[in-house]
Amino acid sequence: MVGELVIRPARADEREVLEQLQWRSSLIWESHRDDLLAHPDAIDLPAEWIAAGRVFVAERLGEAVGFCVVLSRGAGEAELDGMFVDPGAMGGGVGRELMAQAERIARSEGAGVLMVVADPHAERFYLKLGFERAGETVTRFGAAHLLRKPLL
């Protein structure tokens, strides 16, 4: 894709745009489509997270093409609460750049470990980036893997 990718903090006025991006990203997986459509409240980007500087946007040519949410969990841990890439930008390095930002933020806040609850469709992506399986968990829509990445 043409144009430099910029990672920046989200702005309050783009919350709806980011939620729509999350919808597009999430609905590509048929296995969760019916659940998401039946429970639209499952996609919600809290305004408080944006205001607190926890949401980071990947932007290309003035358009949001992805975003991630990084939450501090204390005790040396941070959580990647979500990462979403617009389907048209998937495979172009957006996710990798967002992950690099998430790791920078987590390290800057003193975290030695970054955790993520991985949907089965995204697990391979996270494993390629150095995450390892740390257990199983149950989400609203079924089983998922809990992954962790030591931050060196």
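In region 1-63, what chymotrypsin sites (Phe, Trp or Tyr not before Pro) fall in a loop by DSSP, with at most 13 other Cβ atoms inside 10 Å?
When the chymotrypsin sites (Phe, Trp or Tyr not before Pro) of region 1-63 are filtered for loop state and at most 13 Cβ neighbours within 10 Å, Trp29 remain.
How long is the gain from Val113 to Arg140 if the chain were fully straight, where each residue apart is worth 0.36 nm and the alpha carbon distance is subtracted?
Gain on extension, Val113 to Arg140, equals 7.3 nm.
Give me Lys149, Lys128 ranked fewest to most by other Cβ atoms within 10 Å of their Cβ, as a rough exposure proxy.
Ordered by Cβ neighbours within 10 Å, fewest first: Lys128, Lys149.
Report the per residue volume, in Å³, of the convex hull enclosing the C-alpha atoms of region 94-152.
Each residue corresponds to 88 Å³ of Cα convex hull volume.
Under a Cβ-only charge scheme (Lys and Arg +1, Asp and Glu -1), can you give me the dipole magnitude of region 5-150 about the Cα centre, in debye to the nearest 20?
Here region 5-150 has a charge dipole of around 580 debye.
Provide the percentage of antiparallel DSSP beta bridges, counting only those with both residues in the chain; round to the nearest 5.
Of all bridge pairs located within the chain, approximately 90 percent are antiparallel.
Using the Karplus curve 6.51 cos²θ - 1.76 cosθ + 1.60 with θ = phi - 60°, what ³J(HN,Hα) values do you get for each residue of region 63-68, in whole Hz, with x for Gly and Pro?
10, 5, 10, x, 7, 9
Please work out the C-alpha center-to-center distance from region 33-61 to region 99-147 and express it in whole Å.
Between the Cα centre of region 33-61 and that of region 99-147, the gap is 17 Å.
As a test of the formula, what do you get for the chain when each DSSP H run with n ≥ 4 contributes -39,500 (n - 2.57) and the sum is divided by the residue count, at 222 nm and rounded to the nearest 500 deg cm²/dmol?
Taking each H run of at least 4 residues, the total per residue is -9000 deg cm²/dmol.
Suppose each label sits 7 Å from its Cα in the direction of the beta carbon; what would the His121-Arg104 distance come out to in nanometres?
2.8 nm
Read-outs throughout are calculated quantities, based only on the coordinates presented, and are distinct from any laboratory measurement. What you see is a predicted model, and the numbers here were worked out from it, not measured in a lab. So basically every Cβ, Gly included, is an ideal-geometry build from the backbone, and we count neighbours across all protein chains shown.
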